[in-house]
Structures are given as structure tokens and as C-alpha cells.
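Participant: Below is the structure I would like to discuss, written out as C-alpha cells.
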Amino acid sequence: MRVRCEEGELIHRLFLGAGPGGHVALDTDGIAALADAVEQAVAGPARALVIASEGPEFCAGMDLAAALRTPSAQMREAMQRFAGCLELLASAKLATIAVVTGAASGGGVGLAAACDLVVAAPAATFALPELRYGLVPAVIFPALEARIGARRTRRLALTGELVTAAQAEPWGLVDVVADDPDKALRGLMRSLLRARPQAVATLKRITGPAGQGGVAQTAADLEDPELRAALAALLAEGQAPPWFARLKGQE
């Protein structure tokens, strides 16, 4: 994943782009670039941070193929940085906004959920497919639970269902659904820029950060030999993991 920054006096913008694999996916380099960019934005004078994508998808979550090639210690460090990035988005002194116009999956859902506001196009979708790959979306659980509660977070993880922007809005996963997300963003910015910066910072402090969580669990999962073998076969040959099962009559 690539990250491009546009620094403005009032608004700092981050644009996610496809990496070498052709997807906006969280590999170690992409996580480092994202964390660096968020830290830079928070340290600067901007009043708001906007995260959007330059591709048709918002963020596809963890790059599983890259994760299998990455040493365990390096992968654990990357996940800690991603968890810290989510915490910073939730707790930073400035307002954070995600603009989702395409598919958000796994860690991409967590990235959006950690932001203060989520603006989505009608075509946006949200899904947590990790359990199908033998993983648990543990790193992003705190951000999701803070947004939609434990039961809906568990439902999304258990089912892996694809949730549309229209479905996500009443849940609180999306704050605004708009045919023109840029226009909706401008409307939000007009309101946000009228708020006293110190008051914004205080509000975020007293309502609590997303928090880090789940790094140890996900790191342990990625070190599991059975899981690694199943993921490698799935990615290389399209072979279904051994935990896939079908009801009779649905072969």
C-alpha cells in the first residue's frame, strides 16, 4: 500500500494507493507509511485529517501473501504500529474523517471505524472475512466495538457478511451516506472548522480512544504452522482451507 499526503493549513489529507500487488492492502511498508503519515498530521497545525483512497477500493485489509513472507517479529511490530495508528486516530487532538467510496475489508474497516466520522458513497461496502482465513480481527476490535458495539462486531466477524453503506449507517459504522461524498465532506468541514480546537481535543480525550488490542493474538495466529500452510495453499492454488465446510445439498 502507498500513502500520499497533502498538507493544508487547515486540512491534512492522506490518500491510500495500491501497492506492488495491485491492491490497497496493509503490508509492513504500507503500515509504516500510514503510521508515519498519521503521526505527522497529528503533530502539525491542521484542524482535521481526512483519509481517502485513490483506487476503487478503500482498503482491503491485511496483505496475507506478504504476511506469510514476513518474519514473525517484523509482522508483530507492524501490527503494533497499526494498532497504535488506530488509537491515535481516535485520540488525536484534531478531527479525523474517513471517506469510503469502495470496498473496505478487515483492517480497512478498522481504519475507517477508528476515525471520528465516516462518510461513505452508496457503493461502499464493509466486511470482516478474517475467520474464513483462520484469523481473528483482534487488532481492530476495539475501534469497531467503540463504534457499533460488541454484538454487532461479533456478528460481522462470525458471518463475514458484506454490509452496504445503507446498512452500515443505522449501525453507526457510517455517519453520512452521500451520492457526492466530497460535497458531504465539505459540509462537515464547515461545521468542524467552527469548533474551538481545544474543545475538539478535550471532547476526544474524555470520550476515550479506540485503544490497542489483539496484537498478540493475531501475531500468534500468523505463526501457527497449520494456518500458514492453509493460507499458502489458498493463495497459491485457490485450495479451500481445511476448516471450510458445506451443508449437505449445497455442494
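Participant: Does Val177 qualify as being modelled with pLDDT of 90 or more, over 15 Å from Ala95 (Cα atoms) and touching an Asp or Glu at 6+ places or on another chain (Cβ under 7 Å)?
Facilitator: Yes, satisfied.
Participant: Continuing with this model, one more query. Return the residues of the stretch 47-65 that are open to solvent by 10 Å² or more (accessible area, probe 1.4 Å) and either in contact with a Phe, Trp or Tyr (Cβ under 6 Å, 6 or more places away or on another chain) or among the small types (Gly, Ala, Ser) (or both); say none if nothing qualifies.
Facilitator: Ala52, Ser53, Glu54, Gly55, Ala60, Ala65, listed by residue number.
Participant: Before we move on, is Gly134 open to solvent by less than 10 Å² (accessible area, probe 1.4 Å) and over 24 Å from Lys204 (Cβ atoms)?
Facilitator: No, not satisfied.
Participant: Test Ala52 against the stated conditions and say whether it is at pLDDT 95 or above, farther than 20 Å from Leu128 by Cβ and part of a helix (DSSP H, G or I).
Facilitator: When the stated conditions are applied, Ala52 does not pass them.
Participant: Which condition number in (1) open to solvent by less than 10 Å² (accessible area, probe 1.4 Å); (2) over 15 Å from Leu222 (Cα atoms); (3) more than 13 Å from the chain's Cα centre (by Cα) is the one that Ala98 fails?
Facilitator: So Ala98 meets the others, but not (3).
Participant: Related question: Just checking, which of Ala103, Ala114, Ala123 is within 22 Å of Val177 (Cβ to Cβ), aliphatic (A, V, I, L, M) and in contact with a Gly (Cβ under 9 Å, 6 or more places away or on another chain)?
Facilitator: Ala123
Participant: Here's a follow-up. Are there any pairs, at least 6 apart or on different chains, whose C-beta atoms fall under 7 Å, with the first in the stretch 83-105 and farther than 17 Å from Val174 by Cα and the second open to solvent by less than 10 Å² (accessible area, probe 1.4 Å) and part of a helix (DSSP H, G or I), and if so, which?
Facilitator: Gly84/Ala35; Cys85/Leu34; Cys85/Ala35; Cys85/Val38; Leu88/Val38
The values are calculated or read from the model by the stated rules, or taken from the named source; none is laboratory data. Owing to the predicted nature of the structure, the values given are computational and were not obtained by experimental measurement. Because the Cβ atoms are built from the backbone with ideal geometry, glycine has one as well, and the counts that use them run over all protein chains shown. Accessible surface is based on the protein model in full, side chains and every heavy atom, while ligands, DNA and RNA are left aside. Shrake-Rupley method; radii C 1.70, N 1.55, O 1.52, S 1.80 Å.
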